[in-house]
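Report on the structure given below.
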2 protein chains.
Amino acid sequence: MLTQRQNAILQAIERQYTDTGQPVGSKVLATLLPVKVSSATIRNEMAELEEQGLISKEHSSSGRVPSTKGYRYYVDHLLDQQAVDASDVAIIQNSFGTNFHKIDEIVSQSADILSNLTSFTTFTLKPEQKDIRLSGFRLVPLGNHQVMAILVTDSGEVESQTFAIPPDMNTDELESVIRLINDQLAGLPLREVLQRLQQDIPMRVMHYMHSPNGVLDIFDNILSHASSERFFVGGRMNLLGFSHNNDPRVLQALYGLLDKNENLADFLDPQNDDVNVLIGNEISNKLLKDFSLITATYDVDQYGKGIIAVLGPTRMPYSRTIGIVSAFRQELARQLLEYYHRYYDQ
Amino acid sequence: MLTQRQNAILQAIERQYTDTGQPVGSKVLATLLPVKVSSATIRNEMAELEEQGLISKEHSSSGRVPSTKGYRYYVDHLLDQQAVDASDVAIIQNSFGTNFHKIDEIVSQSADILSNLTSFTTFTLKPEQKDIRLSGFRLVPLGNHQVMAILVTDSGEVESQTFAIPPDMNTDELESVIRLINDQLAGLPLREVLQRLQQDIPMRVMHYMHSPNGVLDIFDNILSHASSERFFVGGRMNLLGFSHNNDPRVLQALYGLLDKNENLADFLDPQNDDVNVLIGNEISNKLLKDFSLITATYDVDQYGKGIIAVLGPTRMPYSRTIGIVSAFRQELARQLLEYYHRYYDQ
DNA sequence: TTTAGCACTTGAGTATGTCGAGTGCTAAAA
DNA sequence: TTTTAGCACTCGACATACTCAAGTGCTAAA
């Protein structure tokens, strides 16, 4: 355990370093601390902190910089948890428009608001109900040989796609197929629907059309969209600003990561229902070893839980960012609840 | 006009410089030229070329680099126009899948193929018929208080959006509004539809519902999507590789440009129906002064003309890139014609 | 008209020195 | 026992000076 003074020193180093980006030396530190001690004393204390692995030097006579362990200690013990900037809260509350017609809009706009506020890169996931079921497929003929296929889930998610009807197929056949599919699959969990679509459904559809693959592909496609498109990324390009590493290959790899939703889901999954902070190599992906990730769930009661996350440099203003995330999760939950109530529970 | 030998020298400089990225000196050039002359002679010739503004030095004793004017001359006079790499052509022809159900798919996939092939950033625009008219809006109730609004144009374009029905509105009202809108607007050019939706239609709708704005917003929204979403960008991140300038602010500005479709349309508009090359500051936007842009139209007969474009560094393998673009425009036109024939002219 | 030769220019790289910020350690002061 | 002043030391940043190689322009001879 650290002494009071060591805490103060570590905290001052963290603050100063995130402000300036420069390693912090004993002399500057002496002017910063509330208790007046000489630089020599501070040097002794810093030697102790370094021994514990909380701070480190870039070279033998440079100032000190917080290590991953130091940031961790800072976040765990030295943060004023409750200090959320009032103006940030105001911005958050005013930033949501009022005319939402879709959950996607709210959640995707959230990613943008959050990235504007933090100037980092952000992620938002829609609230997920554990057990979404297929409510049904619809087919809407549009004329011009085109048809729109629409998938609706019992949670109100909608996914659609248009396709052209192959010449060797008539609408009656299609209608029959849709009826068959709905009969067989409505009410089932999406996962199971996907399985069935690939396994026994093709056999049955054979009765109605000779080459069902094209059409079934469409449903397959819509379905996988519906189950994968839960992700929104905000402030993609902010990454350029804080990714110190300007090697184009690294940047391309990073952006590749952002576009592969599956991989991201792993990092973001929060350990608990509070605001989580992952620092540097605590993140499982090696590409992100110089970043910190702040994640939080937001809880929309019976409508499920979603995730918001901020990806920034290890050297980030943790206090402010955590404050923003914390305020944001609440406001987002409030917005969504309001939305659901407005439209569903009348 | 240049002499035969000066042409050869300019060509050699261009080739060598795009290969190595280094300024080319007289000695190296002497080994490269087919006709054997001494480096001194080449120096004399280069002095002449420099006087004409075709090449330039980075400093008083460096090798020469083609200037914008030099590239222009090279592209206009020294290119083997017909040299399209056979293997590139094969790749292009095999790269299109067969199961397209939407024009958007073909055109957006085109941007990706083209960027893979060139490793630059690419743009594709859908074929545009001059005078697209509104065929009609559809409303599909989805249950769960949700409705999907679908716009169909006479060119077969489809745009859709779901929205939740406000509590104070019943479906009958909606149906009436849709009937009104369709009666009034079907058959009109999209531009005019947009105008009417903002001007006299709101008045008429007032008869059926007290607060029409929310609903009309939706149609407005769908409509502007339909008329703006003609753009696809491929290989966005390739920009990182060849944008020598690693200043994050410049990069952010560039990517900002890619996301604002309107601005892009101006650059891309080709002067004529052939393959066009714009070099460096020939491009109107100053951000792109170190880039070259190769654009071409593709012609799908009565279904309109589209545009494909490649954005790369000024120092680019013009011959190969132009060849690829040229082959690609033909193949893309072929694919789209085939698509249209398959589905429309039965 | 071409070429060889030469003086000149320049950027890149390397060695050298100075300066300032920072450190660890020690011995004296508190 | 804790704190502090002092001092020798280290290292990066910066500047200067020098060399080297690549390249140039120009001139005079081939």
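Values in this text are rule-based calculations from the coordinates and carry no lab data. Being a predicted model, the structure only gives us computed values, none of them experimental. Here Cβ is always computed from backbone atoms with ideal geometry, including for glycine, and neighbour counts include all displayed protein chains.
Ordering A:His77, A:Gly21, A:Ser67 by Cα displacement along the dipole of region A:4-78 toward the positive end leaves A:Gly21 in first place; charges were set at the Cβ atoms of Lys, Arg (+1) and Asp, Glu (-1). Quantify how strongly other chains surround peptide B:240-252 by giving the mean number of their Cβ atoms within 10 Å of each of its Cβ atoms. Going residue by residue through B:240-252 and averaging, the value is 4. Would you compute the Debye intensity of chain B from its alpha-carbon atoms alone, equal scatterers and no solvent, and pass along log10 I(q)/I(0) at q = 0.07, 0.08 Å⁻¹ to two decimals? Rounded to two decimals, the profile gives -0.43, -0.53. Along the axis of the charge dipole computed for chain B (Cβ charges of +1 for Lys and Arg, -1 for Asp and Glu, origin at the Cα centre), the listed residues B:Ile294, B:His101, B:Ile201 are led at the positive end by B:Ile294. GNM on chain B, alpha-carbon springs under 10 angstrom: the most fluctuating residue among B:Ala296, B:Ala309, B:Ala226 is B:Ala226.
The mean number of partner chain beta-carbon atoms within 10 angstrom of a residue's beta-carbon across peptide A:253-259 is 1. Couplings for region B:173-182, taken from phi via the Karplus curve 6.51 cos²θ - 1.76 cosθ + 1.60 with θ = phi - 60°, read 3, 4, 4, 4, 4, 4, 4, 4, 4, 4 Hz in order; Gly and Pro are left as x.
Based on alpha-carbon atoms, the Kirkwood radius and the radius of gyration of region A:82-230 give Rg/Rh equal to 1.13. Translational diffusion coefficient of region B:145-271 (Stokes-Einstein, Kirkwood radius from Cα pairs, 4 °C, 1.567 mPa s): 74 µm²/s.
Using only atoms on other chains, find how many Cβ atoms lie within 10 Å of each Cβ of peptide B:156-168 and report the average.
6
Taking chain B as the region of interest, the number of lysine pairs whose Cα atoms are within less than 26 Å, with members eight or more places apart or on different chains, is 20. Amide H contacts of B:Glu128 (H built 1.01 Å from N, in plane; Pro and chain starts excluded): B:Lys305, B:Gly306 sit under 5 Å, all sequence-distant by 5 or more or on other chains.
Give me D for region A:160-219 in µm² s⁻¹, whole number, from Stokes-Einstein with Rh from the Kirkwood sum over alpha-carbon pairs, 25 °C and 0.890 mPa s.
My calculation gives 204 µm²/s for D.
Need the C-alpha centroid separation for region B:272-309 versus region A:239-264, integer Å. Measuring centre to centre over Cα atoms gives 29 Å.
The 3J(HN,Hα) values that the Karplus relation (6.51, -1.76, 1.60; θ = phi - 60°) gives for region B:161-167 are, in residue order, 7, 9, 8, 8, 7, x, x Hz. Gly and Pro appear as x. For A:Leu142, the residues 5 or more places off, or on other chains, whose built amide H falls under 5 Å of its own are A:Val147, A:Met148.
The distance from the alpha carbon centre of region A:112-149 to that of region B:105-172 is 14 Å, rounded to a whole number. As a test of understanding, state the convex hull volume per residue of region A:4-78 from its alpha carbons, in Å³. Once divided by residue count, the hull of region A:4-78 is 83 Å³.
Here the protein assembly as shown is assigned +1 on the Cβ of each Lys and Arg and -1 on the Cβ of each Asp and Glu. Its dipole about the Cα centre then comes out at about 2420 debye. Annotation: for a label point projected 7 angstrom from Cα along Cα→Cβ of A:Asp85, residues of region A:94-127 with backbone N closer than 16 Å are A:94-95, A:113-121. Can you tell which of B:Thr321, B:Leu251, B:Asn276 lies farthest toward the positive end of the dipole of region B:241-340, using +1 and -1 charges on the Cβ of basic and acidic side chains (Lys, Arg; Asp, Glu)? Most positive-ward Cα: B:Leu251.
With all projection directions averaged, the alpha carbon convex hull of region A:193-256 covers 6.5 nm². Projecting the alpha carbon convex hull of region B:41-105 along each direction and taking the average yields 8.1 nm². Per-residue 3J(HN,Hα) values for region B:248-255, derived from phi via the Karplus relation 6.51 cos²θ - 1.76 cosθ + 1.60 with θ = phi - 60°, read x, 5, 4, 4, 4, 4, 4, 5 Hz in sequence order (x marks Gly and Pro). If R₀ is 51 angstrom, what is the calculated FRET efficiency for the pair A:Gln52 and B:Thr41, using the beta carbon separation as r and rounding to 0.05? Efficiency, rounded to the nearest 0.05: 0.10. Note on the protein assembly as shown: Cα convex hull, mean projected area over all directions, 38.9 nm².
What order, most packed first, do the peptides A:160-170, B:1-11, B:113-123, A:33-43 have when packing is the mean number of other Cβ atoms within 10 Å of each residue?
Highest mean packing first, the order is B:113-123, A:160-170, B:1-11, A:33-43.
Size of region A:251-346: Rg and Dmax of its alpha carbons, in Å, are 15.1, 49.
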